[in-house]
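**Q** Have a look at this one before I ask anything.
The values are calculated or read from the model by the stated rules, or taken from the named source; none is laboratory data. Small disclaimer: the values here were computed from a predicted structure and weren't measured. Quick reminder, even Gly has a Cβ in these numbers, built from the backbone with ideal geometry, and neighbours come from all protein chains shown. These area figures cover heavy atoms from the full protein model, side chains too; ligands, DNA and RNA do not enter into them. Shrake-Rupley method; radii C 1.70, N 1.55, O 1.52, S 1.80 Å.
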Amino acid sequence: MAIAFPAPRADVLAKRDRVVAALRAIVPGEGVITEEKERRAFETDALTSYRRVPMVVVLPETTEQVAAIMAFCHAEGVPVVARGAGTSLCGGSIPQEDAVVLGVAKMNRVLDVNFADRTMRVEAGITNLAISGEVAHAGFFYAPDPSSQLACTIAGNVAMNSGGAHCLKYGVTANNILGLKLVTVEGEIVEIGGGALDSPGYDLIGLLVGSEGQLGVVTEVTVRILRQAEGARPVLFGFREIAQAGQTVSDIIGAGIIPVAIEYMDREAIHICEAFAKAGYPLDVEAMLIIEVEGSEAEMEAMLARIVDIARRHDVATVKESKSAMETAAIWKGRKSAFGATGRVADYICMDGTIPTGRLPDVLAGIDRIVKGYGLRVANVFHAGDGNLHPLVMFNVNDPAEQVKAEHAGEDILRLCVQLGGCLTGEHGVGIEKRDLMREQFTEVDLLQQTRIKTALDPKWILNPAKVFPLDAPRDEAPREAA
Amino acid sequence: MTLHTPSSPADLAAVVAEARRAGTLLAVAGGGTRSGLGRPVQAAAKVSTAKLSGITLYEPAELVIAAKAGTPLREVTEALAARGQRLPFEPMDHRALYGTTGEPTVGGVAAANVSGPARINLGAARDSMIGLKFVNGLAEDVKSGGRVMKNVTGLDLVKALAGSFGTLAVFHEVCFKVLPVAEGERTLVVAGLSIPRAVEALSAALGSPFEPTGAAHLPATAGEAARTLIRIEGFAASLAYRTDALSKLLAPFGGIETLEADASAAVWAEIRDAAIFSGTDEAVWRLSVPPSAAPALAERLAPLSPRIVLDWGGGLVWAGVAASGDAGAARFHAAAKAAGGHATLVRAPDAVRGAVDVFSPPAGPLMAIQRKLKASFDPAGVLNPGRMYPGV
Ligand SMILES: Cc1cc2nc3c(=O)[nH]c(=O)nc-3n(C[C@H](O)[C@H](O)[C@H](O)COP(=O)(O)OP(=O)(O)OC[C@H]3O[C@@H](n4cnc5c(N)ncnc54)[C@H](O)[C@@H]3O)c2cc1C
């Protein structure tokens with residue numbers, strides 16, 4: 001296998017019984033999972049080609065329990081991998097044999113809903129969709145909407161700084177979080193921010209969001225909730241040439257129009273998703289955009305008229321407006337199930353690079369060349385408005401040689417993204433998957449500044465080890481203290 | 001005081017390296033228009049970004065602009081305006097408040113996370129910052145983020161550094177995502193509301209689907225009743241529709257007047273810059289709290305502060321107070337804390353700002369994390385010592 005895991009530490013494995021006993025003393029009953037076949041349920045995430053059965057799994061129900069677990073594991077030097085729903089696509093929540101998996105899924109209560117301040121406080125294990133569900137009756141919602149929102153937790157979203165199809169207008173997780181309750185690696189409970197729009201001192205929320213479980217364990221989150229628009233309407237635009245779709249996106253944004261979402265699919269993705277969702281996607285085109293506008297009937301009409309006008313200037317072949325709530329649901333179901341639908345056709349790895357949107361035609365040509373070079377197929381779904389690409393490189397998992405080729409193709413695609421001025425990951429995170437590519441984007445001092453922060457907040461490097469940073473990433477020897 | 005004006009990142013790194021070697025403390029400055037913000041810095045030398053200037057990248061169709069840290073903000077906003085675009089976070093201009101001259105810079109806006117009324121809808125400076133290049137206290141030239149809108153590669157140092165007031169690193173280049181200028185704006189005004197009623201009205205507007213980009217309350221003056229203001233932006237048909245819908249929603253609060261284009265822009269510039277306090281000799285506080293806590297907070301502050309301005313739907317409270325003694329520091333920090341937020345002493349004489357907490361201190365363990373962060377960027381404490389907190 002291409003991605004290396006460090007060998008499990010014998011000294012940690014040797015104290016397994018003591019670790020289990022200590023965890024049992026903290027979390028009574030069924031919250032400590034030791035049976036191998038039950039632990040196996042936690043051996044991977046959505047990067048399923050890599051697996052490691054953890055030493056033990058603990059499912060605490062309170063922040064105080066999390067604090068006690070961390071205090072113990074820190075004192076004993078036992079690795080801890082925090083886990084939400086395990087839907088990470090980059091191996092961010094894959095454990096290792098000498099690690100405790102600390103799952104927050106049982107901590108899933110809503111603690112406070114405040115419509116006057118448009119905020120909501122929840123425990124970290126609640127699912128993304130349940131947050132919106134809690135306030136839907138009043139016409140409110142939590143904006144970032146990863147396609148995995150039915151399953152993934154706000155803890156995972158915070159750790160990954162997850163995005164979604166509607167981020168173009170509403171921003172990603174980092175733009176929608178006001179407060180965190182954090183358990184430090186030493187087991188201290190810290191409240192950061194809360195109901196106000198900012199908090200004093202350095203922006204620790206900004207640092208923690210997207211930190212992939214490297215800096216502490218999040219147990220509570222205060223999110224912003226927003227009032228839903230009066231209406232929302234997606235429109236499908238089919239194009240015979242890929243470049244026409246790319247140019248349409250540039251011109252819409254250049255004209256000062258920011259729709260709520262601009263999603264791109266290529267021919268392969270359109271066919272796969274249509275077969276799954278029966279969404280009415282045009283099948284005779286090379287590229288399709290789903291563009292969604294929001295507002296009152298009149299506002300949507302006015303904005304769509306302009307968008308259609310721009311698309312026509314680029315010879316759009318099909319324009320299809322959703323005419324009902326059912327059609328709208330089907331259109332989004334097709335897009336949001338793109339990964340699942342592809343999974344029915346083939347095994348795939350999902351890349352997540354971002355490029356400057358002006359380079360869309362170059363990157364598409366490049367992806368095509370790379371994938372064909374390895375003799376593989378690809379389906380492309382993108383968040384086109386912000387240049388976040390999801391090429392799904394397909395392969396047969398039963399053919400190890402093909403899997404290696406797929407991984408190499410994926411790496412080449414990410415290198416291309418960085419070369420074009422973009423980055424390795426727009427929303428899925430680094431995890432183990434892109435760890436060894438970090439030097440494509442960062443210099444040694446760039447990495448060193450990051451690992452210094454890691455060392456400052458996790459001096460023994462026990463939190464989610466062997467992720468994000470290359471295994472040989474530069475580190476200072478000892479944590480530094482201010483003079 | 002020795003003044004350094006490096007003209008390249010390498011020069012900048014050399015200045016920091018030399019200061020570190022010699023044990024000299026370095027004040028960090030952009031245009032100096034906000035030098036009154038934060039605790040006074042005691043340093044033997046100053047490093048200015050004045051010669052690190054110029055727009056390095058502007059791609060209107062990609063909604064991104066990057067500039068060297070010493071670039072006058074005006075240069076950036078003018079370049080954007082020429083293409084019908086803007087910085088989303090509507091940065092406050094502190095010059096009138098402080099009576100400073102000179103040009104605010106890109107680096108200063110980023111380092112102080114300066115954000116205005118639109119923050120309620122379009123985010124703070126930190127939300128628009130997507131890339132940063134900087135020299136840390138170890139004289140290393142580091143980058144984080146980049147020029148694309150979505151980027152979760154590695155730790156987000158951009159956000160950690162936004163609002164760090166030059167205490168972690170000296171920025172030399174900043175990249176922002178930008179937005180189109182709306183085709184039109186309009187402000188709805190309700191006159192004569194008490195603060196509790198005003199916050200209710202603002203909250204109703206912000207909880208509506210009509211997406212206000214400003215929600216503020218100005219106190220009564222000699223000739224005029226208090227005004228509660230709600231700004232909407234968009235194309236003509238949308239403004240018409242939303243005006244109508246919001247007027248209905250706000251009808252229970254009183255009659256509605258509207259301010260069009262220029263008049264609307266003028267009143268929001270006043271709110272953005274806390275203009276009612278410019279030219280006075282009061283100390284000025286800025287409190288950030290949950291909006292629903294604003295009425296009780298305002299009542300508590302009323303004996304000290306006759307004039308209170310609300311922005312961000314009540315979530316941002318501006319208050320003036322006599323500049324004598326501790327300028328109300330003990331009471332303002334306590335009141336902000338009780339309200340679930342924090343306070344900043346934005347304007348006061350150096351002697352006062354040197355003696356009191358300018359920024360509410362984070363609670364114990366949080367402060368420890370702040371110090372660890374400081375140490376991981378600037379272990380010797382060379383950069384802007386004490387600008388935020390003693391030792392930070
Ligand atoms: C079908 C599918 C579609 C997807 N679509 C999207 C999409 O549209 N946009 C997008 O951004 N992502 C998407 N993802 C990726 C994934 O869903 C997100 O990364 C999500 O946020 C992970 O949440 P989780 O609860 O599953 O976290 P996990 O996978 O359990 O964990 C993710 C990371 O968070 C850390 N973590 C978990 N809990 C905590 C905690 N309490 N404290 C600190 N760290 C913690 C873990 O250590 C790990 O590093 C998709 C995944 C799938 C399978």
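**Q** Among all lysine pairs in the stretch B:2-180 that are eight or more places apart or on different chains, how many have alpha carbons less than 17 angstrom apart?
**A** Lysine pairs meeting both conditions in the stretch B:2-180 amount to 13.
**Q** Going by amide H atoms built from the backbone, whose H comes under 5 Å of the H on A:His166, apart from near neighbours?
**A** For A:His166, whose amide H was placed from the backbone, the distant partners under 5 Å are A:Asp145.
**Q** Cα centroid distance between the stretch B:47-112 and the stretch A:68-136, in Å?
**A** Cα centres, the stretch B:47-112 to the stretch A:68-136: 39 Å.
**Q** Something else: Name the long-range amide H neighbours of B:Ile130: under 5 Å, sequence gap of 5 or more, or other chain; modelled H, no Pro or chain starts.
**A** For B:Ile130, the qualifying residues are B:Cys175, B:Phe176, B:Lys177.
**Q** Using a 10 Å cut-off around each Cβ of peptide B:179-192, what is the average number of partner chain Cβ atoms that fall inside? Working shown, then result.
**A** Numbers: counts 3, 6, 1, 1, 1, 0, 0, 0, 0, 0, 0, 0, 0, 0.
Average per residue, whole number: 1.
**Q** Heavy atoms only, 1.4 Å probe, whole protein assembly: order B:Thr243, B:Thr2 by accessible area, highest first.
**A** B:Thr2, B:Thr243
**Q** Need the C-alpha centroid separation for the stretch A:360-434 versus the stretch B:141-202, integer Å.
**A** 32
**Q** Take the alpha carbon gyration tensor of the stretch A:229-281, find the square roots of its eigenvalues, order them as a ≥ b ≥ c, and report rounded if a/c is under 1.5; if not, report prolate when a/b exceeds b/c, else oblate. All intermediate terms of the calculation are to be shown ahead of the outcome.
**A** Values: a/c = 3.12, a/b = 1.26, b/c = 2.48.
Verdict is oblate for the stretch A:229-281.
**Q** What residues have an amide H closer than 5 Å to that of A:Ser88, excluding those fewer than 5 places away on the same chain, when H is modeled at 1.01 Å from N in the peptide plane?
**A** It is A:Ala46, A:Ser93, by chain and number.
**Q** I'd like the orientation of helix A:325-336 relative to chain A: the angle between its Cα long axis and the longest Cα principal axis, in ° from 0 to 90, rounded to 10.
**A** Orientation of helix A:325-336: about 60 degrees from the principal axis.
**Q** Could I ask something else about it? What are the extents of the Cα atoms of the stretch B:150-290 along their three principal axes, in Å, largest first?
**A** 51, 43, 29
**Q** I'd like the Karplus ³J(HN,Hα) series for the stretch A:243-255: coefficients 6.51, -1.76, 1.60, θ = phi - 60°, whole numbers in Hz, and an x wherever there's a Gly or Pro.
**A** Karplus-based 3J(HN,Hα) across the stretch A:243-255 equals 4, 5, 5, x, 5, 4, 4, 4, 6, 4, 5, x, 7 Hz.
**Q** Moving on to the next point. Please work out the average accessible area per residue across the stretch B:2-180, using the 1.4 Å probe convention, and give it in Å². Intermediate results must be reported in sequence, preceding the final value.
**A** Details: 5430 Å² over 179 residues.
Value returned for the stretch B:2-180: 30 Å² of accessible area per residue.
**Q** A further question on this structure: Shape call for chain A from the C-alpha gyration tensor, a ≥ b ≥ c root eigenvalues: rounded (a/c under 1.5), prolate (a/b greater than b/c) or oblate? Write out the running numbers ahead of the final one.
**A** Values: a/c = 1.87, a/b = 1.45, b/c = 1.29.
Prolate.
**Q** Using the Karplus curve 6.51 cos²θ - 1.76 cosθ + 1.60 with θ = phi - 60°, work out ³J(HN,Hα) for each residue of the stretch B:195-200 in order, rounded to whole Hz, and write x for Gly and Pro.
**A** Karplus values, whole Hz, x for Gly and Pro: 4, x, 5, 4, 5, 4.
**Q** Are there any GluC sites (Glu not before Pro) in the stretch A:225-327 that are in a DSSP loop and have at most 15 other Cβ atoms within 10 Å? List them by number. Mind showing how you got there, number by number?
**A** Numbers: sites: A:Glu230, A:Glu241, A:Glu263, A:Glu268, A:Glu274, A:Glu286, A:Glu292, A:Glu294, A:Glu297, A:Glu299, A:Glu301, A:Glu321, A:Glu327; in loops: A:Glu230, A:Glu241, A:Glu286.
Taking the stretch A:225-327 and a limit of 15 other Cβ atoms within 10 Å, the loop GluC sites (Glu not before Pro) found are A:Glu241.
**Q** Now for a different question. Please compute the net charge surrounding B:Val28, taking Lys and Arg as +1 and Asp and Glu as -1 over other residues with Cβ under 10 Å from its Cβ.
**A** Numbers: positive: B:Lys46, B:Arg387; negative: none.
Residues near B:Val28 contribute +2 overall.
**Q** At 1.4 Å probe size, with the rest of the protein present, what percent of the exposed accessible area of the stretch B:2-180 is carbon and sulfur atoms? Write down the numbers at each step before the final one.
**A** On the way: 2760 of 5430 Å².
Carbon with sulfur: 51 percent of the solvent-accessible area.
**Q** Any lysines with Cα under 21 Å of the A:Lys333 Cα? List them, leaving off those in the same chain fewer than 8 positions away.
**A** Result set, ordered by chain and number: A:Lys169, A:Lys278, A:Lys320, A:Lys323.
**Q** Quick check: net charge around B:Leu155, other residues with Cβ under 13 Å of its Cβ, Lys/Arg +1 and Asp/Glu -1?
**A** Working: positive: A:Arg452, A:Lys454, A:Lys467, B:Lys143, B:Lys159; negative: A:Asp203, A:Glu212, A:Asp446, A:Asp458, B:Asp156.
With Lys, Arg at +1 and Asp, Glu at -1, the neighbours total 0.
**Q** Where Lys and Arg each count +1 and Asp and Glu each count -1, what net charge lies around A:Gly194 among other residues with Cβ under 13 Å from its Cβ? Don't jump to the answer; show the numbers that get you there.
**A** On the way: positive: A:Arg121, A:Lys181, A:Arg224, B:Lys337; negative: A:Asp112, A:Asp117, A:Glu191, A:Asp198, A:Glu220.
Net local charge, A:Gly194 excluded: -1.
**Q** In whole Hz, what ³J(HN,Hα) sequence does the stretch B:33-42 give by Karplus (6.51, -1.76, 1.60; θ = phi - 60°), x for Gly and Pro?
**A** 6, 10, 5, x, 9, x, 7, x, 9, 9
**Q** Calculated from DSSP H runs of 4 or more alone, at -39500 (n - 2.57) each and per residue, what is the 222 nm mean residue ellipticity of the protein assembly as shown, nearest 500? Spell out each step's value before the answer.
**A** Values: 31 runs with 295 residues, N = 875.
One gets -9500 deg cm²/dmol as the mean residue ellipticity at 222 nm.
**Q** In terms of Cα to Cα distance under 24 Å, which lysines are near enough to A:Lys460, apart from those fewer than 8 places away along the same chain?
**A** Hits, sequence-local ones excluded: A:Lys15, A:Lys181, A:Lys434, B:Lys372, B:Lys374.
**Q** Here is a follow-up. In terms of Cα to Cα distance under 14 Å, which aspartates and glutamates are near enough to A:Lys467, apart from those fewer than 8 places away along the same chain?
**A** A:Asp45, A:Glu212, A:Glu433, A:Asp436, A:Asp458
**Q** Let me ask something else. Peptide A:181-190: average number of partner chain Cβ atoms within 10 Å per residue?
**A** Numbers: counts 0, 3, 0, 3, 0, 2, 0, 5, 1, 7.
Shielding by partners across A:181-190 averages 2.
**Q** Under the definition of partner shielding as Cβ atoms of other protein chains within 10 Å of a residue Cβ, what is the mean value for peptide B:372-383?
**A** Details: counts 10, 10, 5, 8, 14, 6, 3, 8, 3, 2, 1, 0.
The per-residue average across the peptide is 6.
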